[in-house]
Amino acid sequence: CAKAFRAAWRAMGLELVAKSEAVAANTLSALHLPGTVDGATFPARVHEEGVVVAGGLHPDIKTRSFRVGHMNAINGADVLATVGAIERALAKVGHKSEPGAGVAAAQKALVERTG
């Protein structure tokens, strides 16, 4: 599921806080928010779309980042629902990306995983 999330983030133009995917956690995605998106209100925007994410923790980027947990018993449907909610929330705050690009990238990664 972490690979599917990472494929979605790339497709959406979101950057991991981790310096590379090689050192990124498989249980959590910490992401930089694009442009002028307000990190203090973004988790509430995603929650309005039916998914809970968390704000950033590191003091230097707390207001410019957010976190998505992907540990425990999650499946492909959870990945797609989460990515879709984040895409919709980003669109509502003015982030310009191709609608559905993240969901499509995650879906492709999930299909490739299961063959």
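Being small (Gly, Ala, Ser) and either surrounded by 16 or more Cβ atoms within 10 Å (Cβ to Cβ) or on the phi < 0 side of the Ramachandran plot (or both) is the requirement here; does Gly94 meet it?
No.
Which numbered condition in (1) outside any loop (DSSP other than H, G, I, E, B); (2) open to solvent by 50 Å² or more (accessible area, probe 1.4 Å); (3) out of contact with any strand residue (DSSP E or B) (no Cβ under 6 Å at 6 or more places or on another chain) is the only one that Pro59 fails?
(1)
Could you check the stretch 22-42 and list, in sequence order, the residues that are among the hydrophobic types (A, V, I, L, M, F, W, C) and assigned to a loop (DSSP other than H, G, I, E, B)?
If the condition is that a residue be among the hydrophobic types (A, V, I, L, M, F, W, C) and assigned to a loop (DSSP other than H, G, I, E, B), then Ala24, Ala25, Leu33, Val37, Ala40 are the ones that fit.
Conditions: (1) within 11 Å of the chain's Cα centre (by Cα); (2) open to solvent by 60 Å² or more (accessible area, probe 1.4 Å); (3) not basic (Lys, Arg). Asn72 meets all but one. Number of the miss?
(1)
From the list Lys3, Lys19, pick out the single residue that is part of a helix (DSSP H, G or I) and open to solvent by 40 Å² or more (accessible area, probe 1.4 Å).
Among Lys3, Lys19, only Lys3 is part of a helix (DSSP H, G or I) and open to solvent by 40 Å² or more (accessible area, probe 1.4 Å).
The values are calculated or read from the model by the stated rules, or taken from the named source; none is laboratory data. Just so you know, these numbers come straight off a predicted model, no measurement behind them. Methodologically, a virtual Cβ is constructed for each residue, glycine included, from the backbone with ideal geometry; neighbour enumeration extends over all protein chains shown. Ligands, DNA and RNA are excluded from the accessible area calculation, which covers all protein heavy atoms including side chains. Shrake-Rupley method; radii C 1.70, N 1.55, O 1.52, S 1.80 Å.
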